[in-house]
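The values are calculated or read from the model by the stated rules, or taken from the named source; none is laboratory data. Since the model is a prediction, treat every value here as computed from it, not as a measurement. Methodologically, a virtual Cβ is constructed for each residue, glycine included, from the backbone with ideal geometry; neighbour enumeration extends over all protein chains shown. Heads up: the accessible areas ignore ligands, DNA and RNA and are worked out on the full protein's heavy atoms, side chains in. Shrake-Rupley method; radii C 1.70, N 1.55, O 1.52, S 1.80 Å.
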Amino acid sequence: MADEHILIVLSKTETSQLLEHATLAPAGYRVTVSVDWKAAEAVLKDAPPDLIILGEKIEGQDSLDIIEKLNERFPLIPVILLPDKHSDQLAVEAFRRGFADYLQPPLRTNDVQMIVAHALERRRRWRDWVRLEARRDTKSLRQRVSGLEAIQRLGRKVTSLLDLDGVLASVVDAAVELTGAEEGSLLLLDDATGELYMRAGRNFQEDFVRTFRLPIRDTLAGQVLRTGKPLFIDEKTPQKIKTSYLVYTIIYVPLIVQERVIGVLEVDNRQSHNPFSEYHIALVSALAEYASIAIENARLYSRTEFERNKLETILTKIEEGVIVLDHDGRIVLMNRQARGAFNVGEKIIDGKRLRDVIAHQDLIDILREKQESPPSRVEITLEDGRVLNAQLTPIPEIGLVVTMQDITHLKELDRIKSDFVNTVSHDLRSPLTAILGYVELIDRVGPVNEQQNEFIRRVQISVHNITSLINDLLDLGRIEAGFDARKEIVPFAAVIQYAVDGLRGRSQEKAQEIILDVPEHLPQVLGNPVRLRQMISNLITNAIKYTPEGGKVLVNAHAEGEQIILQVTDNGPGIPPTDQPFIFDKFYRASNVPVDAPGTGLGLAIVKSIVENHQGRIWVESSLGKGTIFTVVLPITNGEL
Ligand code: ATP
Ligand code: MG
C-alpha cells in the first residue's frame, strides 16, 4: 500500500541507497535511512515507521541480540533482517529470535517487494485485530460501568425514596435494561395463600400482572424461594418447565429480608434465545438486594409511622395537657389540651422557645432553663381561674416532659372542706375554753384526792392538745384565705434568730446542737413577721422532734440574686421517698414516724401556705438514715412597700 513508512537501519549506505531508490520508493513506500542507532531512535520516536529493515550489525552490535527488546517496545512494527551474508542457520535463528522475515542476499527487487508487502499485510491484520479486540473490551467495560452506574443510581433512590412502588418498578426496569432481557418481574410471596404474586413487572400486560399467581410447589421460583440461591436456565427451544410460561432463558434471584426469602426477582427472554451470563446473574442479584432493602425500609417506616400515629392519638385524646421541651428549652410537642390551656391555638410552634409561645409567666419561670433544682410538682393557676397540677419529669434523651391535670374541682372541694373545718374549729373553741375553766375550778370547790388530781391533769393536757390543733386549723384557714395580706418589711435574719432562740430549750432537752449560720446583713423580705417566724419554727421543731438525742440541726440562710435561700438541715431518720410528695398535705405523717410521736401532720401544711403566701417555694431533700434538708426560697424586697 502506498505511503507506508519504512525505516532502514544499515551501516552500509550503498545498500540502503539501492534498496530505497531501486526497490522501495518505486513501489510507493516512504523510506528513511539511518546508519546508526541514534538516528534510528529519533525516527522511532518522532514518526514511528510501519516496518523496519535492520542490518546484521549496527555500530558493532549484533541485531539478533536486540530484536527481542525492539519487539517488546514496538510489538506492531514488523522487523526484517538483512544479513551481510546468507546462511541457513542464521535465517532459522533470525525467525526464532523474533524477526518478521529475512532478506536473502543478493537482493532481488521482486523478492524484496514481495517480502515487504507480506510483512506489511500481516501488520495490517494484527492492527485490525487489536483494534477490534480493544473495541470489544471497551464495549463490555462500558456495559459494566453503565451497570454499576445504574446500581448506584438505584441505591440513591432506595435511600431517598419512600415510595416502594416507585423503587420496585425501577429495580425491575434496571434489571431488564442491564441484562438486555425482554421482560422482568418482581414476585412476592403471599403468606396467606402461599403463592407468588407480581408486585412489579416490565413488559407484561397489566391484566396479566394483576391476575398472575404462581404456586411455589414444583416451580423454579418456588425452588429459589426454598433454597435462597439464584438460578438460571438456558434452553435452545422455549421451555415451559416449571415456569408457567414459555421461555428460552430466565434468571431467578431471591429477595432476602432478615434472612428470610420473601420473593424473587426475575428476567427472561420468551421471543428469542438471548443468553445470560454469570455477570448478568451478579447484576440481578445486586438489584434484588436493593429491592429487599427498599421493602424492609418501607416495612420499618410504616411500623414507625404506625407507632408514631398511635402515640400521637393517645397524646391528643388524653385529658392531661402535655408539653415536651428539648434540652435547650425548645418545644418538641404540645398537645391539644396544653394548647387550649395556654391559648396557643393551631399555631406551628415546634422548635420555638416556650416563652415566645405562651404568656403564662409562672409556667415560664418554673421551666426557666438551667434551673438548679426544678420542682417536680407545681400548681399553676390559669387566666380563667382553672388550677392545673403540673408534673415535671426530666427524660435524659429527650429533655423535660410536663404533664398537667386539671385539679380545679379538687381545689374547690378543698376549699369547702377548709370552710367547714374553720367553722367547726371556731365553734369548738368556746366550749373548750369553758371545759378548761371548769376543770381549773374543781379543786377550789372542795378537796380532791390524788387520783382525781391525776385525772384532772390528763383532762387539761388533752384539752390543751385539742386547743393547739384547733389553733393550727384556724391559722391554716386564715393563711389560706389570705387574711394576713397585710405585709411589712421584715429583717429576715432577726426573725430566724428569734425562732431559733425560742427553740433552744427544746433542743437542749434532747442534747442536740443547733448551729445557726446566717450572715448579719441578710436582705429584708416583704411579709408578715409572725407568720414567717411560725414557718421557721415549724421547720426547726420538726428537725428537733424527729432527730434523735444528740443529733445536729443546722439553720442557714444566704442571699442569691433576688432571693433568700433558707435551709433547715438535720441528721435524723429521713423521710421515705414514697412519702416525700405528700408531707406538705394536711394531716399527712410519714410512715416511719413512731406511733407515740406527738403531732397531727399540720405543721408543714402551714409552712407551705405561709411560703406560698410570700411568693416563695419550698421543697424537701431527704435520704433515709442520713437526714433531711428543707429549702425555702423567698423573694428579696427592694425596700418599697
Ligand atoms: P405537727 O407538725 O402538726 O405537730 P407533724 O410534725 O407530724 O405534726 P408535719 O410537720 O406536717 O406534721 O410533718 C409531716 C410529716 O413529715 C411528719 O409527720 C414526719 O413524718 C415528716 N417530717 C417532717 N419533718 C421531718 C424531719 N425533719 N425529719 C423526718 N421527718 C420529718
Ligand atoms: Mg411538725
Close pairs (9 angstrom Cβ cut-off, 6 or more residues apart or separate chains): under 20 Å from G625 (Cβ atoms) in segment 588-603, away from ligand 2 (no atom under 14 Å from the Cβ) and open to solvent by less than 50 Å² (accessible area, probe 1.4 Å) anywhere: A590/P576; A590/Q580; S591/P576; N592/G574; N592/P576
With D362, D443 as the choices, which residue is modelled with pLDDT under 90 and over 42 Å from the mean Cα position of the chain (by Cα)? D443
Evaluate the following for E372: is it acidic (D, E) and at pLDDT 85 or above? no
Requiring at least 2 residues that are in the same structural domain as K229 (by TED's automatic domain parsing) and surrounded by 14 or more Cβ atoms within 10 Å (Cβ to Cβ), the strands (runs of 3 or more DSSP E) wholly within segment 279-394 are none
For N335: the one exception among (1) on the phi < 0 side of the Ramachandran plot; (2) of a type in the set (S, T, N, Q); (3) over 28 Å from the mean Cα position of the chain (by Cα): (3)
Cβ-Cβ below 8 Å, separation at least six or inter-chain, first residue in segment 432-447 and closer than 17 Å to I461 by Cα, second of a type outside the set (G, A, S) and not in a helix (DSSP H, G or I): which pairs? I442/V448
Tell me which of these K229 doesn't satisfy, since it passes every other one: (1) among the basic types (K, R); (2) at pLDDT 90 or above; (3) in a helix (DSSP H, G or I). (3)
Got at least one residue in segment 144-156 being part of a helix (DSSP H, G or I), surrounded by 14 or more Cβ atoms within 10 Å (Cβ to Cβ), modelled with pLDDT of 85 or more and of a type in the set (A, V, I, L, M)? no
Which residues, counting only those in segment 530-588, are part of a helix (DSSP H, G or I) and either among the basic types (K, R) or away from ligand 2 (no atom under 16 Å from the Cβ) (or both)? V530, R531, L532, R533, K545, P581
Residues of segment 569-595 that turn out to be in contact with a strand residue (DSSP E or B) (Cβ under 8 Å, 6 or more places away or on another chain) and among the β-branched types (V, I, T), as a count: 3
Any residue in segment 208-226 that is at pLDDT below 90, within 36 Å of the chain's Cα centre (by Cα), crowded, with 18+ Cβ neighbours inside 10 Å and within 17 Å of F276 (Cβ to Cβ)? no
Answer residue from segment 482-510, given it is open to solvent by less than 60 Å² (accessible area, probe 1.4 Å) and of a type in the set (G, A, S) and is nearest to L522 (Cα to Cα) among those: A493
Number of positions in segment 592-634 that are surrounded by 13 or more Cβ atoms within 10 Å (Cβ to Cβ) and either within 13 Å of ligand 2 (Cβ to nearest atom) or assigned to a helix (DSSP H, G or I) (or both): 19
Count, please, the residues in segment 530-547 that happen to be away from ligand 1 (no atom under 16 Å from the Cβ) and open to solvent by 30 Å² or more (accessible area, probe 1.4 Å). 1
Taking into account only those residues within segment 40-55 that are over 16 Å from I115 (Cβ atoms) and open to solvent by less than 40 Å² (accessible area, probe 1.4 Å), which is nearest to the chain's Cα centre (by Cα)? L44
Tally, over segment 577-610, of residues that are among the aliphatic types (A, V, I, L, M), in contact with a Lys or Arg (Cβ under 7 Å, 6 or more places away or on another chain) and more than 8 Å from ligand 1 (Cβ to nearest atom): 1
Hey, could you check segment 504-529 for residues that are in a helix (DSSP H, G or I) and in contact (Cβ under 8 Å) with a residue 40 or more places away in the chain and say which is nearest to ligand 1 (Cβ to nearest atom)? S507
D111 - would you say it is at pLDDT below 90, outside any loop (DSSP other than H, G, I, E, B) and within 20 Å of E20 (Cα to Cα)? yes
